[in-house]
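Step one of this worksheet: look at the structure below.
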Ligand SMILES: Cc1ncc(C[n+]2csc(CCOP(=O)(O)OP(=O)(O)O)c2C)c(N)n1
Ligand SMILES: Cc1ncc(C[n+]2csc(CCOP(=O)(O)OP(=O)(O)O)c2C)c(N)n1
Ligand SMILES: [Mg+2]
Ligand SMILES: [Mg+2]
């Protein structure tokens, strides 16, 4: 992106072959993810939402990867941080807010799971749980079924770098590589697993290095640049669709909030470190890049902010007015009816 | 760093060879016992002897720990287990030092010999080795822990977790993979998409070394170097010894279902016993007379073990409920 | 047609795979080798490598990917080589497969059947002999099926594959070759959750499941010669549980012996006993009795110790006789 700045200032058809429209869509999802996330925190501090876990700082990575998939035929297995992923794959702000407030019409779980445990059958987003890394195997299995059924589906699993230390990560990458399955493993590497820095999680500087153990491509990506992310993902998806098997993307991001609303990262990170990360916020960065390309200006920004605020307000009101689950449904859905 | 082949005196080379021969003779006898209906199941080290014996010799035996798996007959012999112990174990006798007849054969374990008790669930032992190494590090002891495992076992999550754990904590551990190309019937290419297990070391930031597992000197040097690295506080090493199993997975297996006789015959041309014998002859350390004496010695030890275990008592059924928990010494 | 328990497993898999292209099988050594017990022998030849695959040696991967494949429209029937090796996959079974329907409010489901050979008496020692049903019967969202006879294997396996939820299908290793029985050629289903009275009697009820049903039947036969009339109720599936059948037999004879090979404490026999105590206490003529594996971690190897562990027909006979005399 930085490179593109000088070179392609005049171009309107920009990186990754994304049209201006798609770039605006990308920006919209990133800003929406941020605005919704911020609202979630407000609700939490206001005592309306017991728990929030954020994607702030991950938006470029999440939206950039997700836009390279096809919502009509691909499947995603996101993890708790992936608000930007699910929005970009078609989940609505109302649905997100219903999840936050555990309403009966939360499409993920009808209020059964904690917030951010995404799942949406109609949007081809597979239900996720709390134990980390399990979804990596689910994505491999989805890809296996697609291949057996002769379908043109690519599956993706999203997870943090801390989760790449789990056995399921290894088993999933190994299984997918032996069977050359169409699956993309997206590591959102924010350098922390709650309070544990990456230096205490692994003795390597790049999760991408692990790909060598499976004979698949491992690509380090600047996760603050949605276009770099998009391009890397698009290449991996093309490879998968071409029958060449899985890829591992190590997408470097920043975690701008504490791990969750129950955590305070000031107890394990220095103020300088936090300030430095804040300065790398991918959203203003993408905005100024668009401005430099002449495809975004202040009035557009104003308009977008108004629109987003309206949608977030609407989502919040909608969720607040939505019914809570009926206690009589406690026993439902243990088994198929 | 010390010369890695230091200590390989003629006596040591001959001792290594003896243990390889002993393992093979013992192993052959176990199959005979099985076919006679005297031993319900046999797991072999047949073909893996060079790797197992040389790796044990490269450690500080009596001080370092090994955390083996069922394939490691030759390894435990080299660590000091006797043929009698092995047969007591094979026949599930009360005096079996590995488990008092509780476990299936080839489930090694001896506190005295620093061989950690093993279960059947593959790959768990890699964690245990990392844990022993962690304790050694925290206690500032110069102990090294070596885990062994097959290449099939590297597909388990525990492999990944153990290597990562040991690497990030720079533990004095050695992970010795005995890659014989098969996990029962499943060939390595269906197990992993890379030709070398050692390639996986890159994912942990540790050295990954491939050695010819039929060459005891190469294995000795690799393990020696890894042990020195571990003792110097530089962390673990993954060593992959390329080997072959000349017999079926166990006495319950029939390998004709999944590999050709030609393939096995080809592999046998590199039989570590033959290769090493030639090497010793070339070095003029071994002649026909010595060779025969050595075989006779091994055979005598195995005969003795067979007889000894044959008449040894079975576990008393009343001991079934013992050792579920710690028993206070009265 | 008369066939062994093992043949019933294989022939049912074959029959189901012929009629339902969604079924895939994978696990360790299930392909060329046809499984270490030969349960899948010939299936790869008939259905090809895409539908009968050798997987890497990784149980969490086997179950975890089967979950994804089930969600994406297949009917995976993964095999765990020995029930003892299911534990690396517990997270995927308990935390994922069993919870997915509930946690997604009914929008996702995991129709799959995990087959696993269990049980001892085959010199398998601590890690090739375990009965693991109690761990899993505790988990809502999972079904646990334990057939005793070749006939039941067929009907229950077909029903398990048709089921929309994850099923743990436990096959006793000792039964594989030793238990024979008539199995019709045509397809039939036995609904999960229906126990069967395998032998009618009036003095004592033995309630059991899996292989120990066969041992109980032997004991009952011997006791009949001595004038003790024993009813044997085979639960067939322990989750869902046929509580009606349990209470009915308890009320009928008033004396209940619950038999299982799994360890006594926390074993599923405790659940059966509690149920009877809750609902039929005053119909009983004697305290409920449980006969089970002792509370040692697992079955030891030496024949003397293994025999001491096992729940044999002789032990069942003695226990039932005592109960009859109460
Ligand atoms: C198996 C498991 N162990 C522990 C936890 C508790 N936990 C939740 S998130 C987390 C850290 C995950 O870090 P990482 O994978 O880097 O993802 P990030 O949150 O940084 O995006 C931990 C330890 C869990 N959810 N699952
Ligand atoms: C967790 C687990 N799953 C399955 C088994 C059954 N099993 C025993 S040995 C084996 C193959 C192991 O192959 P490898 O690791 O290559 O070792 P090798 O026997 O070739 O030396 C399998 C599948 C087991 N013991 N543990
Ligand atoms: Mg992280
Ligand atoms: Mg092997």
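What follows draws every value from the coordinates through simple rules; no lab data is involved. Because the structure is predicted, anything quoted here is derived from the model rather than measured. Cβ atoms come from the backbone with ideal geometry, glycine included; neighbour counts cover every protein chain shown.
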For the residue pair residue A:334 and residue B:325, what label-to-label distance in nm results when each label sits 7 Å from Cα along the Cα-to-beta-carbon direction?
-> 3.3 nm
With a/c under 1.5 counting as rounded, go ahead and sort the stretch B:10-311 into rounded, prolate or oblate using the C-alpha gyration tensor (a ≥ b ≥ c being the square roots of the eigenvalues; past the cut-off, prolate if a/b is larger than b/c, else oblate).
-> rounded
Cα shape, the protein assembly as shown, gyration tensor, a/c 1.5 rule = oblate
Expressed in angstrom and rounded, the centroid-to-centroid distance over alpha carbons for the stretch C:125-186 and the stretch A:45-108 is 40 Å
Taking Cα pairs closer than 8 Å and at least 6 residues apart, the relative contact order of chain B in percent is 23 percent
Calculated [θ] (222 nm, deg cm²/dmol) that DSSP helices of n ≥ 4 give over chain A, each run adding -39,500 (n - 2.57) = -13000 deg cm²/dmol
Taking Cα atoms only, helix C:268-280 is inclined relative to the longest principal axis of chain C by an angle, in degrees rounded to 10, of 50 degrees
Rough spin-label spacing in nm, given labels placed 7 Å along Cα→Cβ, for residue B:6 and residue A:263 = 4.7 nm
Expressed as a whole number of Å, what is the distance separating the alpha-carbon centroids of the stretch B:177-253 and the stretch C:263-310?
-> 45 Å
Modelled FRET efficiency - R0 35 Å, residue B:279 with residue B:234, Cβ distances, 0.05 increments | 0.70
How would you classify the stretch C:2-182 from its alpha-carbon gyration tensor, with a ≥ b ≥ c the square roots of the eigenvalues: rounded for a/c under 1.5, else prolate if a/b is greater than b/c, otherwise oblate?
-> rounded
With an 8 Å cut-off on Cα pairs and a minimum separation of 6 or more residues, tell me the relative contact order of the stretch B:1-145 in percent.
-> 21 percent
C-alpha center-to-center spacing [the stretch A:170-187, the stretch A:234-252] in angstrom = 10 Å
For every helix of n ≥ 4 consecutive DSSP H residues, a contribution of -39,500 (n - 2.57) applies; sum these over chain C, divide by its total residues, and give [θ] at 222 nm rounded to the nearest 500 deg cm²/dmol.
-> -10500 deg cm²/dmol
Could you work out how far apart the two model spin labels at residue B:135 and residue B:262 are, taking each label as a point 7 Å from the Cα in the direction of the beta carbon, and quote it in nm?
-> 5.2 nm
Using Cα pairs closer than 8 Å and at least 6 residues apart in sequence, work out the relative contact order for the stretch C:2-182, in percent.
-> 27 percent
Rank B:41, B:121, B:210 by mean-square fluctuation in a GNM of chain B with C-alpha springs under 10 angstrom and give only the top-ranked residue.
-> B:121
If you count, for every residue in C:104-115, the Cβ atoms of partner chains within 10 Å of its Cβ, what is the mean?
-> 6
Given a Förster distance of 22 angstrom, what is the FRET efficiency for residue A:195 paired with residue A:275, based on the Cβ-Cβ distance and rounded to 0.05?
-> 0.75
What is the average number of partner chain Cβ atoms found within 10 Å of a Cβ in B:197-204?
-> 6
Apply 1/(1 + (r/R0)^6) to the Cβ-Cβ distance of residue A:244 and residue A:22, taking R0 = 41 Å, and write down the FRET efficiency to the nearest 0.05.
-> 0.95
Tilt of helix C:5-19 relative to the longest C-alpha principal axis of chain C, in degrees (0 to 90, nearest 10)?
-> 40 degrees
Average partner chain C-beta neighbours within 10 Å, per residue of A:148-155?
-> 3
Enter the angle in degrees (range 0 to 90, nearest 10) between the Cα long axis of helix C:243-253 and the first principal axis of the Cα atoms of chain C, meaning the one along which they spread out most.
-> 20 degrees
For residue B:14 and residue B:289, calculate 0.36 nm times their separation in residues minus their Cα-Cα distance, and state this gained length in nm to one decimal.
-> 97.6 nm
Considering only A:199, A:258, A:288, give the residue with the highest GNM mean-square fluctuation for chain A, with springs between Cα atoms whenever their separation is below 10 Å.
-> A:199
Listed residues B:229, B:93, B:284; largest mean-square fluctuation, Gaussian network over chain B with Cα springs below 10 Å, found at B:284
Go ahead and estimate [θ] at 222 nm for chain B from helices alone: -39,500 (n - 2.57) per DSSP H run with n ≥ 4, summed, over the residue count, rounded to 500.
-> -13000 deg cm²/dmol
